[in-house]
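So the structure is just underneath, and the comments pick up after that.
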Amino acid sequence: MFNISQRKIEKHLTTSVFGRNIRHMKVCTSTNEEAKLHCDSPDGTLFIADTQTCGRGRLGRSWESEKGGGIYMSLLLKPDIPAEVAPQLTLVAGIAVCKALGNAKIKWPNDIIIGNKKVCGILTEMSHKNVICGIGINANTKKFPAELDFATSLYLERGRKVRKEKIVADVLNIFEILCNEFYENGFDPLLDEYKTLCENIGKDVRVIFENKEVTGVATDVSANGNLLVKTTDGEISVASGEVSVRGLYKYI
Ligand code: BT5
């Protein structure tokens, strides 16, 4: 009842590569790990699980993966792009998820939010020459642990259960189109759309580096996907890999 049906995903797919090979698991440690283990699979292979025992976020953090409640998936991509632009795929995936969900926004760099709450997280990793784009979406989760009071689900926002397979297919259908544009012409053609969706711009932010914090106003996202932050000491350009960003007084 809670489990993802591979056939139902395929029914809604309009892609030529993304999700055309699907590895569905009832349980795994992390779909990103599965993608790494099976990186000889074809480009666009989708690894998707009903639950993860060790779901991961960035910087060693974990991802709460309630059985059946969420969508836990990773796409194995084999793009012919320079390694240094691969992290921008997180931003491209963010646009795809927002468009698929309809009313969502992006908290730079990798959180998808509805209202002020996090509904999805994206974890992009490189493994050899492959890019693994992991996407966790809170679909039908009814309740989160107390420490995740800033989390929400599509069920909580819409007041009814959602069809996970349709959402998976919608994300893949849009993501493939955006990726083809990105592979061809870089992030530039997608920048305006990203900025329109990015909730941080114009807001006070706290940028949390490994061993220091900086506060300022997020003014823009640059052509390479960095967040530009105006501080009292001047403007800094923040790359996504190394930081967390919070609002000054709350999550956003
Ligand atoms: C992320 O990291 O947001 C990336 C999450 C990616 C998860 C997917 S699921 C499929 C694939 N396989 C994996 O193992 N991972 C990917 P980050 O920005 O570091 O945020 C992590 C933080 O989000 C945690 O420290 C919590 O505070 C919070 N969090 C954890 N689980 C959450 C959930 N289900 N919903 C909302 N927030 C959550």
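No value in this document is a laboratory result; all are computed from the given coordinates. Model, not experiment: these values are computed from the prediction. Glycine gets a Cβ as well: all are built from the backbone with ideal geometry, and neighbour counts include every protein chain shown.
Summary of computed values
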| item | result |
| --- | --- |
| Helix-derived mean residue ellipticity, 222 nm - over the chain, DSSP H n ≥ 4, -39500 (n - 2.57), to 500 | -8000 deg cm²/dmol |
| Net length gained if the chain between residue 217 and residue 39 were fully extended (0.36 nm per residue, minus Cα distance) | 60.1 nm |
| Within region 179-232, trypsin sites (Lys or Arg not before Pro) in DSSP loop having at most 11 other beta-carbon neighbours inside 10 Å | 212 |
| Region 49-97-region 137-180 distance, computed between alpha-carbon centres (Å) | 13 Å |
| Under 18 Å from the Cα of residue 8 - aspartates and glutamates, other chains or at least 8 residues apart | 50, 165, 170 |
| Protection proxy ranking, peptides 60-72, 7-19, average beta carbon neighbours within 10 Å, highest first | 60-72, 7-19 |
| Relative contact order (%) - region 86-131, alpha-carbon pairs under 8 angstrom, separation at least six | 33 percent |
| Cα gyration tensor shape for region 1-93, rounded if a/c is under 1.5, else prolate or oblate | oblate |
| Formal net charge of residues neighbouring residue 37 (Cβ-Cβ distance under 15 Å; K, R +1; D, E -1) | -1 |
| Eligible lysines near residue 129 by straight Cα distance, threshold 18 Å, same-chain separation 8 or greater | 36, 78 |
| DSSP-assigned coil residues among chymotrypsin sites (Phe, Trp or Tyr not before Pro) in region 142-220, each with at most 16 further Cβ atoms within 10 Å | 150, 209 |
| Cα gyration tensor category, rounded, prolate or oblate, for region 36-143 with a/c compared to 1.5 | oblate |
| Selected from 168, 214, 238 as most flexible by GNM, with the chain as the system and alpha-carbon contacts under 10 Å | 214 |
| Length-normalised contact order of the chain in % [C-alpha pairs under 8 Å, at least 6 apart] | 17 percent |
| Choice from 204, 188, 40 showing the highest fluctuation, given a GNM over the chain with Cα pairs closer than 10 Å | 40 |
| The chain: angle of helix 188-197 to the longest principal axis, Cα-based, in degrees nearest 10 | 80 degrees |
| Shape call, region 77-206: gyration tensor on alpha carbons, a/c limit 1.5 | prolate |
| Calculated over region 133-252: convex hull of Cα atoms, volume per residue (Å³) | 140 Å³ |
| Charge tally in the Cβ shell below 14 Å around residue 184, where Lys, Arg are +1 and Asp, Glu are -1, residue 184 excluded | -4 |
| Positive-pole candidate from 155, 128, 221, dipole of region 117-235, charges at beta carbon | 155 |
| Set 99/166; 105/166; 117/203 screened for pairs whose C-alpha atoms are more than 24 Å apart | none |
| Of every Cα-Cα pair in the chain, the percent that sits beyond 35 Å | 10 percent |
